[in-house]
Amino acid sequence: MDLDPSTEVPLTTRTTAIDTSSILPSQIVVRDLTYSVDVRDPGFRKSSPLSRPPLVEKTILKQINVVFQPGRLTAILGASGAGKTSLLYAIAGTLSHGHVSGNIMVNGEDVAGPDLKKLSGFVFQDDLLFPTMTVRESLTQSATLRLPEPIPRAEKDRRVDETIKELRLDPAADTVVGSHSVKGISGGERKRLCIGMELITNPAVLFLDEPTSGLDSFTAFSVVELLKHLSSTGRTIVTTIHQPSSEIFQLFDDVLVLAQGSVLYHGPMSHVVPYFSKHGFECPQYSNPADFLFMSVLNPKLDPSPVPGLVAAFKADSLYEEVARAIDKPARGGISKDVLKQQAGFGTQFSFLYMRAFRNATRNKLMLRARAGQVIFLNVLIGLIYLNIPGRDRAGLLFFLSVANLLTAMLNVLAIFALERTVFEREHGAGYYGLPSYFLSKISVELPYQIILPFIGTTISYWMAGFQRTGEHYIVAVLYCILMSLCGFALGILFGSIFPSIEIALAIVPMVFMPLLLFTGLLVNNSTIPPYLDWLKWLAPTKYGFEGLFQNEFSTLLLPVVGDPSATYPGNVAVAQFGLDRDGLSRWSLFVILASFVVALLGLAYLGLLRLVVASDGARAQVRSATRKVEEVEAGSSKA
């Protein structure tokens, strides 16, 4: 449902619907925060086409000292590349690469790392939501997976209702989120929903990365007005923002101005204009202070740049002295352990993720029709081509059944998982659920598709082509096709987790997959493959699928002799002519090997997902470790 922005009600003058009594006012102190990344040397001159520039360290943030007070809304301003998003990510503990040093404290306690992440909420710039879920279902997901297990279901539902009321999402509560192809809620409602999913845990601290990006002026004002209201309940709210309107700028309590990784100003919003006027930058009357800052102070085209002088001026100002005093004597009050978010148990995670994946699959009618239509169309077409064709000419159809079931399942799952991958990484990183529950829920929801669709497709082509009309041979053929489909499912997840994007996956997968088709047994006779390449056939699941289907159909069949229809020869001869008897494997041995392939590929798919989350979590841990080492050195120096 796309609501008219004119129907959205201003959010400031109202009482809160959420119980904020448990919120512990939290002062965030950031001391000497430095952040750098390794980049290729831009000034490197290649001595040969193969030479690569060496890595050099680029400093993004330079000894940042700031304090964020509870009950205040702080805006981080800066031109592109100033480091405002990096600062937000570094404080919130969501950086996944680079080197960080410095201290971050909440109420006098060091929380650099996971603790701050647990007591805070983080709203990313891009709204990654499941388009088929409703607003209420999205909030229920956050409550179910992120609130402690002992909290009763009724209490979690109450929090969801309170959040809907607090964010004025009542008219859209039961409307699907939607996407570019499915009509859903408005842009402002999407942003408020993302904020609401973080508010479910009632955090004392809320970080937001450019929450007004992509919104019209009225909707952007409504979102910041909401943040202003939330800060009035005692929360510490910090947000990056790019060139806000004058009306939005007036809503902030404090402003932090960054340029070239350094602080130019950190203090009350009301002091911004007088401060820069004092240093020779006069804001014209009736002008937007934010526009003035970007054009007259932060403009990278200014020559000479005023940034170095303003950085030094701020460090000599009384505002910086106030920050320094707050850093030296931070507020004491500790951290309430009750507000630390806890992950739900495996059973709760699995059941919720299963229902979410099931709803997502069944509500996406277009995808359902496309997958079913694809199977029916291809198998009817191939059935017509091979309609009652006698003899071993039907080997081409068996090759098609083996390859098509694997390939269609792999590409379908790859396309679906590519859309979910970023959501999965973000939700897993935010502590919604663990990898085992997600993986098992995906298998459980996809399993019926990987059984039903091959069953339908094989049934159509099997009987149209006139294969052996016995129950045993038909059932074995169906089972082989189901196993090939399951192989494709596992490969889809594996390739989706290994490659960084679906475009790269679709470019590389054919390069890996197509050579394996040569070892299937139809395109190239296995007996003619050179010994030094012969081992590759064992890596091709299509080999076991095609050989099993071929033996199932031909090993007990009498085939007519070409040119003499009255004469026949045993089907085992055809098996030998294709070189499919070299390994001495029966159809049941091939079936067991193929089933083992399914298990092995599912295991590799799980490891692929594990590599994905470990790489992300490990990088964050490395960043935190670098911070800890600096803290230990500083602590040792102070003791000495």
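Figures for the structure shown
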read-out	value
Check on Ala477, under 30 Å from Ile389 (Cβ atoms) and either touching a residue at least 40 places away in the same chain (Cβ under 8 Å) or not acidic (Asp, Glu) (or both)	yes
Any hit, region 93-100, residues being touching a Phe, Trp or Tyr at 6+ places or on another chain (Cβ under 8 Å), part of a strand (DSSP E or B) and not basic (Lys, Arg)	yes
Number of the condition not met by Ile200 [criteria: (1) surrounded by fewer than 21 Cβ atoms within 10 Å (Cβ to Cβ); (2) in contact with a Ser or Thr (Cβ under 7 Å, 6 or more places away or on another chain)]	(1)
Per-region count, region 316-336, residues modelled with pLDDT of 80 or more and among the polar types (S, T, N, Q)	1
Test set (1) in contact with a helix residue (DSSP H, G or I) (Cβ under 7 Å, 6 or more places away or on another chain); (2) among the charged types (D, E, K, R); (3) at pLDDT 90 or above - Glu137 fails condition number	(1)
Tabulated pairs, region 42-62, first surrounded by 10 or more Cβ atoms within 10 Å (Cβ to Cβ), second among the aromatic types (Phe, Trp, Tyr) and part of a loop (DSSP other than H, G, I, E, B), C-beta under 6 angstrom, 6+ apart or interchain	Pro53/Phe44
Test for Leu24: is it in contact with a Pro (Cβ under 9 Å, 6 or more places away or on another chain), surrounded by 14 or more Cβ atoms within 10 Å (Cβ to Cβ) and touching a residue at least 24 places away in the same chain (Cβ under 8 Å)	yes
Residue pairs meeting the criteria (Cβ under 7 Å; at least 6 apart or on separate chains; first touching a residue at least 12 places away in the same chain (Cβ under 8 Å), in region 514-541; second in a helix (DSSP H, G or I) and of a type in the set (Ser, Thr, Tyr))	Leu516/Thr542; Leu517/Thr542; Thr520/Ser402; Thr520/Thr542
Selection status of Leu594, among the aliphatic types (A, V, I, L, M), under 30 Å from Phe439 (Cβ atoms) and at pLDDT 80 or above	yes
Pairs, first free of Cβ contacts under 8 Å to residues at least 60 places away in the same chain in region 580-604, second hydrophobic (A, V, I, L, M, F, W, C), C-beta under 7 Å, six or more apart	Leu580/Phe550; Asp581/Val575
Qualifying residue in region 555-571 (condition: part of a helix (DSSP H, G or I), surrounded by 12 or more Cβ atoms within 10 Å (Cβ to Cβ) and of a type outside the set (Gly, Ala, Ser))	no
Test: residue in region 271-280 that is within 30 Å of Arg192 (Cα to Cα) and either in contact with a helix residue (DSSP H, G or I) (Cβ under 8 Å, 6 or more places away or on another chain) or outside any helix (DSSP H, G or I) (or both)	yes
Test: Ile475 is β-branched (Val, Ile, Thr) and within 30 Å of Ser138 (Cβ to Cβ)	no
Leading residue by the ranking (surrounded by the most Cβ atoms within 10 Å (Cβ to Cβ)) among those in region 297-321 that are part of a loop (DSSP other than H, G, I, E, B) and not charged (D, E, K, R)	Leu298
Subset of region 464-493 that is among the polar types (S, T, N, Q) and not in a helix (DSSP H, G or I) - its residue that is surrounded by the fewest Cβ atoms within 10 Å (Cβ to Cβ)	Thr470
Close pairs from region 294-321: first more than 15 Å from Gly280 (Cα to Cα), partner aromatic (Phe, Trp, Tyr) and surrounded by 17 or more Cβ atoms within 10 Å (Cβ to Cβ), Cβ under 9 Å, at least 6 apart	Leu319/Tyr265; Leu319/Tyr275; Tyr320/Phe314
Check on Arg620, more than 30 Å from Ala430 (Cα to Cα) and at pLDDT below 80	no
Pairs with Cβ under 8 Å, 6+ apart, first in region 461-472 and in the same structural domain as Ile376 (by TED's automatic domain parsing) and touching a residue at least 40 places away in the same chain (Cβ under 8 Å), second outside any helix (DSSP H, G or I) and surrounded by 12 or more Cβ atoms within 10 Å (Cβ to Cβ)	Ser461/Tyr386; Met464/Tyr386; Ala465/Tyr386; Ala465/Ile389; Gly466/Ile389; Gln468/Thr556; Gln468/Leu557
Exclusive hit being in a helix (DSSP H, G or I) and either surrounded by fewer than 20 Cβ atoms within 10 Å (Cβ to Cβ) or modelled with pLDDT of 80 or more (or both), set Gly496, Gly584, Gly579	Gly496
Selection count where residues are touching a Gly at 6+ places or on another chain (Cβ under 6 Å) and either at pLDDT 90 or above or in a strand (DSSP E or B) (or both), scope region 162-183	4
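The values are calculated or read from the model by the stated rules, or taken from the named source; none is laboratory data. The model shown is predicted, which means the values in this text are computed figures rather than measured ones. Note that we place each Cβ from the backbone using ideal geometry, even for glycine, and neighbour counts take in every protein chain shown.
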